[in-house]
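Asker: Following this message is one structure expressed as structure tokens.
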Amino acid sequence: MARATRRGPLAVPDLVARAREGDPAAVARLITLVEDASPHLREVMSALREHVGGAHVLGITGAPGVGKSTSTNALVAALRRAGKRVGVLAIDPSSPFSGGALLGDRVRMGDHALDRDVYIRSMGARGHLGGLAWSTPQAVRVLDAAGCDVVVVETVGVGQSEVEVAGLADTTLVLLAPGMGDGIQAAKAGILEVGDVYAVNKADREGADRTRRELRTMLTMAERRDGAWRPPVLQTVASTGQGIDELLGEIDRHAAWLGESGELVRRRTARARREVEAIALAALRERWGQAGGAADLDRLASRVASGDVDPYAAADELLAQD
């Protein structure tokens with residue numbers, strides 16, 4: 001879906017109203033404003049405020065090569081059969097030159113390109129660690145307010161550092177594949193603690209049953225943040241659709257448990273806390289830079305490098321300045 005143009009004056013109320021009606025160009029324009037950190041962003045978020053909270057946010061993560069895009073494509077098809085309106089944010093590696101998304105998951109999810117009830121957007125990570133783009137939380141808000149029943153966030157596929165999606169999603173789906181050393185990778189990445197549903201994709205390959213057994217064993221030993229929920233481990237072949245309906249059933253079961261247990265409120269409150277903190281810190285950094293803090297930092301960095309002062313003392317001096 002092409003980005004909206006920037007021609008003409010920006011009328012935020014009209015843009016939000018059109019997005020609420022399902023206008024893909026309006027949704028695209030709003031997400032562009034988010035990605036560009038537009039001066040209109042505060043007005044946009046204020047206008048969206050009363051329309052958010054209805055979408056279930058599904059995070060999909062896993063090491064490169066496990067079939068995240070194929071699985072996302074298959075899950076979107078299953079969600080559409082269930083009558084759900086779906087938004088997809090596919091976080092891709094960024095071009096080092098333009099900062100734009102490099103791989104273009106929209107190409108790999110072309111099955112849904114003409115469906116007006118599916119909105120797919122590739123977003124460049126732009127150097128942000130953790131598998132997401134820095135603007136992902138606000139983009140999720142846009143799709144939520146635009147009437148999506150489910151917002152799928154597919155991480156960039158960077159392996160051990162992409163557990164940040166668990167802080168954004170209501171339900172985190174972790175994908176693994178046989179023959180890729182995923183048992184060891186899972187233990188290293190910490191995804192044993194953050195996944196809510198696990199799927200061994202490419203289960204038609206040799207070793208799928210062993211990978212599933214090993215994962216189940218490791219999950220029984222892992223310390224969970226929500227001990228009452230026992231993550232299921234399924235097997236899928238996303239390229240053929242095998243096991244996808246069962247996988248969606250487990251995702252729905254987790255969504256129901258979140259509401260019944262009160263965990264949904266806890267997770268969303270924690271998410272909002274991180275979002276507010278990130279916005280406040282970004283504003284403080286900008287204000288500090290405008291006040292000449294960067295020059296002070298350069299001066300103190302030179303003193304630390306020359307051995308005149310240690311870094312903690314330099315930081316204390318920097319913080320003590322008006």
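Asker: Within the range 250-270, take every residue that is exposed (fewer than 13 other Cβ atoms within 10 Å of the Cβ), of a type outside the set (Asp, Glu) and over 14 Å from residue 53 (Cβ atoms) and give me the one that is modelled with the lowest pLDDT.
Answerer: Here the residue is 270.
Asker: Restricted to the range 193-214, and to residues that are basic (Lys, Arg) and assigned to a loop (DSSP other than H, G, I, E, B), which residue is least open to solvent (accessible area, probe 1.4 Å)? Break it down into steps so the answer makes sense when it comes.
Answerer: Taking the range 193-214 as the starting set, the residues that turn out to be basic (Lys, Arg) are 202, 205, 210, 212-213.
Okay, now just the ones that are also assigned to a loop (DSSP other than H, G, I, E, B), so 202, 205.
On the way: 202: 51, 205: 123 Å².
Looking at residues that are basic (Lys, Arg) and assigned to a loop (DSSP other than H, G, I, E, B), I get 202.
Asker: For residue 87, indicate whether it is within 23 Å of residue 23 (Cα to Cα), at pLDDT 50 or above and in contact with a Cys (Cβ under 7 Å, 6 or more places away or on another chain). Can you show your working first?
Answerer: Details: within 23 Å of residue 23 (Cα to Cα): yes; at pLDDT 50 or above: yes; in contact with a Cys (Cβ under 7 Å, 6 or more places away or on another chain): yes.
Judged against the criteria, residue 87 is a match.
Asker: On the basis of being of a type in the set (Gly, Ala, Ser), modelled with pLDDT of 85 or more and in a helix (DSSP H, G or I), does residue 186 make the cut? Step through it out loud before you land on a result.
Answerer: Numbers: of a type in the set (Gly, Ala, Ser): yes; modelled with pLDDT of 85 or more: no; in a helix (DSSP H, G or I): yes.
Answer is no for this residue.
Asker: Scan the range 45-96 for residues that are assigned to a helix (DSSP H, G or I) and among the aliphatic types (A, V, I, L, M) and report the count. Quick ask: steps written out before the conclusion?
Answerer: Filtering the range 45-96 for residues assigned to a helix (DSSP H, G or I) gives 45-51, 68-81.
Within this subset, residues satisfying the condition of being among the aliphatic types (A, V, I, L, M) are 45, 47-48, 74-79.
Result for the range 45-96: 9.
Asker: From the set of residues in the range 102-116 that are open to solvent by less than 60 Å² (accessible area, probe 1.4 Å) and more than 19 Å from the chain's Cα centre (by Cα), which is modelled with the lowest pLDDT? If you could, list the steps in order and put the result at the bottom.
Answerer: Here is the first cut: in the range 102-116, the ones open to solvent by less than 60 Å² (accessible area, probe 1.4 Å) are 104-105, 109-110, 112, 115.
Adding the requirement that they be more than 19 Å from the chain's Cα centre (by Cα) leaves 110, 112, 115.
On the way: 110: 64, 112: 78, 115: 87.
Only one residue fits best here, namely 110.
Asker: Check every one of the helices (runs of 4 or more DSSP H) wholly within the range 257-322 and list those with 3 or more residues that are under 28 Å from the mean Cα position of the chain (by Cα) and within 30 Å of residue 166 (Cβ to Cβ).
Answerer: On the way: elements: 263-290, 293-306, 311-320.
Passing ranges, in order: 263-290.
Asker: Could you list all residues from the range 207-238 that are of a type in the set (Ser, Thr, Tyr) and modelled with pLDDT of 95 or more? Let's see the steps before the verdict.
Answerer: Filtering the range 207-238 for residues of a type in the set (Ser, Thr, Tyr) gives 211, 217, 220, 236.
The answer is 236, and nothing else.
Asker: In the range 27-75, what residues are of a type in the set (Val, Ile, Thr), surrounded by fewer than 22 Cβ atoms within 10 Å (Cβ to Cβ) and in contact (Cβ under 8 Å) with a residue 40 or more places away in the chain?
Answerer: Kept after step one, since they are of a type in the set (Val, Ile, Thr), are these residues of the range 27-75: 27, 31-32, 34, 44, 52, 57, 60-61, 66, 70, 72.
Narrowing the set further to residues that are surrounded by fewer than 22 Cβ atoms within 10 Å (Cβ to Cβ) leaves 32, 52, 70.
52, 70 - these are the residues of the range 27-75 that are of a type in the set (Val, Ile, Thr), surrounded by fewer than 22 Cβ atoms within 10 Å (Cβ to Cβ) and in contact (Cβ under 8 Å) with a residue 40 or more places away in the chain.
The values are calculated or read from the model by the stated rules, or taken from the named source; none is laboratory data. Because the structure is a prediction, the values reported are computed rather than measured. Backbone-built Cβ (ideal geometry, glycine too); neighbour counts: all protein chains shown. Accessible surface is based on the protein model in full, side chains and every heavy atom, while ligands, DNA and RNA are left aside. Shrake-Rupley method; radii C 1.70, N 1.55, O 1.52, S 1.80 Å.
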